[in-house]
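The values are calculated or read from the model by the stated rules, or taken from the named source; none is laboratory data. Not measured: the values here are computed from a predicted model. So basically every Cβ, Gly included, is an ideal-geometry build from the backbone, and we count neighbours across all protein chains shown.
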Amino acid sequence: MGQCAQRVAILSPGVWQLREAIQEITGFQPVRWLPPFQRPEFGCVVGWGLRPTSTRARQLSVKTESSYIALEDGFIRSIEPGADNPPLSLVIDRLGVHYDATSRSELEVLITRSAYNFDETRLARATAGIGLLRGHAISKYNHAPYLSEAELGLDPSRRQGRVLVIDQTAGDSSISYGHATPASFIDMLAAARSENLGAEIVVKLHPEVVSGRKQGHLAHIRDDADTRVIRDNVNPWSLIEAVDKVYVVTSQVGMEAVFAKREVVCFGAPFYAGWGLTDDRVSLERRQARPTREQLFAAIYFDYSRYVSPETRREITFEKAAAWIIQQQDKNHRVPKPALRPRATLPNWLWDRHAVQ
């Protein structure tokens, strides 16, 4: 961050709404850049990753020879999606963008470094953090219900032979930047069927595809004797816990399935693939480190992600962010807790340090 001056330029109205959070996690003062009316001095430009809306921001950074900081929602964003729900977590990247496998990102550097960090306190914290995600069904969005296998309509006789296939919306940037194409989804479904003969295939459609707001890749699939299509908006952990194997292109669900110790097959190159923890159908030789699940988790949720309290607007830890989500779930009775294991908590010595005060 030393290469940036103490001010960062923001062009996008959406990013400008997050100026307080950006200042909190970067320490720099955001300034609004509205050409040709304003020409404030700045050392960096902030934009939404590699999305089309960030084109002007990236062009400005090149024109002014200033650094570009890619901003994206974090992996625990909010209770509900939408601009009315400010992100609980954000990620910033000065090298690239985590979902862009065509070049290095800051996350790749952090994962590589984490693979050689065997600090016992850090690893114990990561183990407890994974338990919090699983035990309280915490994901990127946290409004959908956690459903049992019966409520999902799954065949109880297939428990030892059930495979989850995750669809994504067409045009998702992580697909094209993750060395994948729309055809990757068709190949993925075909592989799930041919590699798991006799298994129940559970296809999860994206909620925005079901609502008609966006197009998907597997919306044409229909239920049959071996296929169950999930169209409802459900907590992804209820699906992960109900299957033995997960097929994804670049979906975050694959990362969560890794932490649940499920076999994960990737038909793209998401940020959590290529590290020896997934079955990769797309080669990414650049990623040579071999982190454990705990080391991967620590890099993603402790080092790369930043958390800002929706109430105080001050930066908080992962544990405080998780505790806030749990409080909101309990308060609104949004998500029945998983009945598959005791509800996860931090060890007292970690909870005292990190939990909501």
Restricting attention to helices (runs of 4 or more DSSP H) lying wholly within region 95-186, give those where 2 or more residues are touching a Ser or Thr at 6+ places or on another chain (Cβ under 8 Å).
120-135, 173-176
Conditions (1) surrounded by fewer than 19 Cβ atoms within 10 Å (Cβ to Cβ); (2) more than 16 Å from THR169 (Cβ to Cβ); (3) of a type outside the set (A, V, I, L, M): number failed by ASN235
(1)
Of (1) surrounded by fewer than 18 Cβ atoms within 10 Å (Cβ to Cβ); (2) of a type outside the set (Phe, Trp, Tyr); (3) touching a helix residue (DSSP H, G or I) at 6+ places or on another chain (Cβ under 6 Å), ALA137 satisfies every one except (1)
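Residue-wise test of (1) of a type in the set (Asp, Glu); (2) within 15 Å of the chain's Cα centre (by Cα); (3) in a loop (DSSP other than H, G, I, E, B).
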{"position": "PRO270", "(1), (2), (3)": "no, yes, yes"}
{"position": "ALA273", "(1), (2), (3)": "no, yes, yes"}
{"position": "VAL282", "(1), (2), (3)": "no, no, yes"}
{"position": "GLU285", "(1), (2), (3)": "yes, no, yes"}
{"position": "ARG290", "(1), (2), (3)": "no, no, yes"}
{"position": "PHE297", "(1), (2), (3)": "no, yes, no"}
{"position": "TYR301", "(1), (2), (3)": "no, yes, no"}
So, LEU34, is that one closer than 25 Å to ILE175 by Cα, part of a loop (DSSP other than H, G, I, E, B) and not small (Gly, Ala, Ser) or not?
no
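Can you pull out the residues in region 203-232 that are in a strand (DSSP E or B) and touching a residue at least 12 places away in the same chain (Cβ under 8 Å)? Break it down into steps so the answer makes sense when it comes.
First, pick out the residues of region 203-232 that are in a strand (DSSP E or B): 203-204, 224, 227-230.
Passing the criteria: VAL203, LYS204, THR227, ARG228, VAL229, ILE230.
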Checked against (1) modelled with pLDDT of 95 or more; (2) farther than 23 Å from PHE28 by Cα; (3) not aromatic (Phe, Trp, Tyr); (4) not in a helix (DSSP H, G or I), ALA83 satisfies every condition except (1)
Pairs where the first residue, in region 112-128, is aliphatic (A, V, I, L, M) and the second is surrounded by 15 or more Cβ atoms within 10 Å (Cβ to Cβ) and at pLDDT below 95, C-beta under 8 Å, 6+ apart
ALA124/LEU350; ALA128/ALA344; ALA128/THR345; ALA128/LEU346; ALA128/LEU350
Checking SER89 against (1) of a type in the set (Gly, Ala, Ser); (2) in contact (Cβ under 8 Å) with a residue 12 or more places away in the chain; (3) more than 20 Å from ILE316 (Cα to Cα), the condition it does not meet:
(3)
Which of (1) within 17 Å of ILE111 (Cα to Cα); (2) modelled with pLDDT of 95 or more; (3) surrounded by fewer than 18 Cβ atoms within 10 Å (Cβ to Cβ) does SER309 not meet, given it meets every other one?
(1)
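Quick check: is even one residue across region 117-129 modelled with pLDDT of 95 or more and touching a strand residue (DSSP E or B) at 6+ places or on another chain (Cβ under 8 Å)? Quick ask: steps written out before the conclusion?
Step one: filter region 117-129 for residues modelled with pLDDT of 95 or more, giving 117-129.
Going one step further and asking which of them are touching a strand residue (DSSP E or B) at 6+ places or on another chain (Cβ under 8 Å), we end up with none.
Within region 117-129, none of the residues are modelled with pLDDT of 95 or more and touching a strand residue (DSSP E or B) at 6+ places or on another chain (Cβ under 8 Å).
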Just checking, which of LEU152, LEU95, LEU164, LEU147 is surrounded by 22 or more Cβ atoms within 10 Å (Cβ to Cβ), aliphatic (A, V, I, L, M) and touching a helix residue (DSSP H, G or I) at 6+ places or on another chain (Cβ under 9 Å)?
LEU164
Just to be sure I understand the filter: pairs with C-beta atoms under 7 Å, separated by 6 or more residues or on different chains, first member in region 278-292 and farther than 16 Å from VAL264 by Cβ, second member of a type outside the set (Gly, Ala, Ser). Which pairs pass?
ALA289/ILE111; ALA289/THR112; ALA289/TRP275
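Any idea which residue in region 198-231 is surrounded by the fewest Cβ atoms within 10 Å (Cβ to Cβ), counting only those that are among the acidic types (Asp, Glu) and at pLDDT 90 or above? Talk me through it step by step, then tell me what you get.
Looking only at region 198-231, we keep the residues that are among the acidic types (Asp, Glu), and these are 200, 208, 223-224, 226.
Add one more test, that the residue is at pLDDT 90 or above, and what stays is 200, 223-224, 226.
Details: GLU200: 21, ASP223: 12, ASP224: 9, ASP226: 16.
Looking at the filtered set, the residue picked out is ASP224.
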Looking at (1) at pLDDT 95 or above; (2) surrounded by 16 or more Cβ atoms within 10 Å (Cβ to Cβ); (3) under 22 Å from PRO86 (Cβ atoms), find the lone condition where ARG314 falls short.
(2)
